[in-house]
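See below for the structure under consideration.
The values are calculated or read from the model by the stated rules, or taken from the named source; none is laboratory data. Everything numeric here is computed off the predicted structure, so don't read it as measured data. Just the protein is used for accessible areas: all its heavy atoms, side chains included, with ligands, DNA and RNA removed. Shrake-Rupley method; radii C 1.70, N 1.55, O 1.52, S 1.80 Å.
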Amino acid sequence: QVPLVESGGGLVQPGGSLRLSCVGSGSIFRLWTMGWYRQAPGKQREFVATVNSDGWTNYADSVKGRFAISRDNAKNTVYLQMNDLKTEDTAVYYCNRIPLGAIPWGQGTQVTVSL
């Protein structure tokens, strides 16, 4: 399987916003449950958000009310809209199919929240 490709990261001040994109391939992408994860320096990778094929979403408590996951199956793309960013959101963000294991991790996209 080909890794997914994440993009959209960058440097942003606290309170700012970013939108991450994750592009996959294949006609069955629309059937996959997809998730965003992040890994901060010195920490383990953690779950951020998920969206299933019906559009049902779920979030980690730390991002509820601030982040929104969505998908555009016509473009084989999953998005993560991140608002009111905090310094603790600094991490490399990855997307992957859920359950994990079928698709190798991609390179991720770096999000840095700093003054």
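Points to keep in mind about this one:
- The mean accessible area for residues of the chain, using a 1.4 Å probe and ignoring ligands and nucleic acids, is 53 Å² per residue.
- Kirkwood hydrodynamic radius (C-alpha pairs) into Stokes-Einstein, the chain, 4 °C and 1.567 mPa s, D in µm²/s: 93 µm²/s
- Partner lysines for LYS64 [C-alpha distance under 20 Å; skip if fewer than 8 residues away on the same chain]: LYS86
- Two-decimal log10 I(q)/I(0) for segment 35-91, as the Debye equation yields it once each C-alpha is a single scatterer, q = 0.15, 0.19, 0.31 Å⁻¹: -0.45, -0.69, -1.36
- For segment 71-115, the share of alpha carbon pairs falling in successive 10 Å distance bins from zero is 22, 44, 29, 5 percent.
- Computed Rg/Rh of segment 1-61, alpha carbon atoms with Kirkwood Rh: 0.99
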